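The values are calculated or read from the model by the stated rules, or taken from the named source; none is laboratory data. This structure is a prediction, so every number in the text was calculated from the model and none was measured. When we count neighbours, we look across all protein chains shown, and the Cβ atoms used for this are built from the backbone with ideal geometry, even at glycine. Protein only, heavy atoms only, side chains kept; ligands, DNA and RNA dropped before computing areas. Shrake-Rupley method; radii C 1.70, N 1.55, O 1.52, S 1.80 Å.
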Amino acid sequence: VLSFIIFICYIASLASSFMMAPLMEFLLALFLFFAYTFKLNEKFKGLYWPLSDFLRCVTAAIIYFAISIAAVSRYSDGASKAGGVFGFIATIVFAIDFYITFNELVAFLKQGRSESPEERKSE
C-alpha cells in the first residue's frame, strides 16, 4: 500500500521520473503476496522463496532511500516532498522487513543443511 501511495505522489509531482521504482516494487510485492496466498512456494520447490523476498526487501530499501533523498532535495513541490517522506517511511518498513526476512532465510538455509550427505545421495 505504501508503494502505491508513493507511486501516486510521484505521478502528481514534478519528480515523475521516480515513479517507476515504486510501481515496480508494488507489482513485485503484489506478485509475491499472491504467490504465498496461492501456495506457489510449496508447488515450485526449485525457487528459494525466502531469498527472493529477502532480495526484494534489500533492493527496495536502498532504492527508496536514494530516490527519497533526491526527491526531497531537488524538487520543491508538495507532492515530491510527500513522496520523499513516504519513501523514508517505506525505507524503515523495508528495513524491518529485511531483518525479519533475514531471520527466516537463515532458518530456511539451516533446515536445508540439516540433511546429511548420505540422505542426499539416496534421493
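Do we find that Leu27 is modelled with pLDDT of 85 or more, farther than 19 Å from Tyr99 by Cβ and open to solvent by 30 Å² or more (accessible area, probe 1.4 Å) in this structure?
Details: modelled with pLDDT of 85 or more: yes; farther than 19 Å from Tyr99 by Cβ: yes; open to solvent by 30 Å² or more (accessible area, probe 1.4 Å): yes.
Judged against the criteria, Leu27 is a match.
Check the stretch 43-52 and report whether any residue there is assigned to a helix (DSSP H, G or I) and over 19 Å from Phe102 (Cα atoms). Please lay out each step first, then the result.
Residues of the stretch 43-52 assigned to a helix (DSSP H, G or I): 43, 49-52.
Now restrict to residues that are over 19 Å from Phe102 (Cα atoms): 43.
Yes; the residues of the stretch 43-52 include at least one that is assigned to a helix (DSSP H, G or I) and over 19 Å from Phe102 (Cα atoms).
Need pairs with beta-carbon distance below 8 Å; first residue closer than 30 Å to Glu25 by Cβ and within the stretch 97-123, second modelled with pLDDT of 85 or more and of a type in the set (Val, Ile, Thr); sequence gap 6+ or separate chains.
Filtered contacts from the stretch 97-123: Phe98/Val58.
Please identify the pairs in which a residue from the stretch 8-21 that is in a helix (DSSP H, G or I) has its Cβ atom under 7 Å from the Cβ atom of a residue that is surrounded by fewer than 16 Cβ atoms within 10 Å (Cβ to Cβ), counting only partners at least 6 apart or on another chain.
Hits for this filter: Tyr10/Ser16.
Which numbered condition trips up Ser13, out of (1) open to solvent by less than 80 Å² (accessible area, probe 1.4 Å); (2) at pLDDT 90 or above; (3) farther than 30 Å from Gln111 by Cα?
(2)
Identify, from the list Phe7, Phe54, the residue that is open to solvent by less than 50 Å² (accessible area, probe 1.4 Å), hydrophobic (A, V, I, L, M, F, W, C) and within 14 Å of the chain's Cα centre (by Cα). Working first, answer last.
Values: Phe7 fails: within 14 Å of the chain's Cα centre (by Cα).
Testing whether each residue is open to solvent by less than 50 Å² (accessible area, probe 1.4 Å), hydrophobic (A, V, I, L, M, F, W, C) and within 14 Å of the chain's Cα centre (by Cα) leaves just Phe54.
Determine whether the stretch 33-50 contains at least one residue that is surrounded by 19 or more Cβ atoms within 10 Å (Cβ to Cβ) and under 17 Å from the mean Cα position of the chain (by Cα).
no
Is it the case, given these coordinates, that Lys121 is at pLDDT below 85, out of contact with any Gly (no Cβ under 6 Å at 6 or more places or on another chain) and exposed (fewer than 12 other Cβ atoms within 10 Å of the Cβ)?
So Lys121 fits the description; yes.
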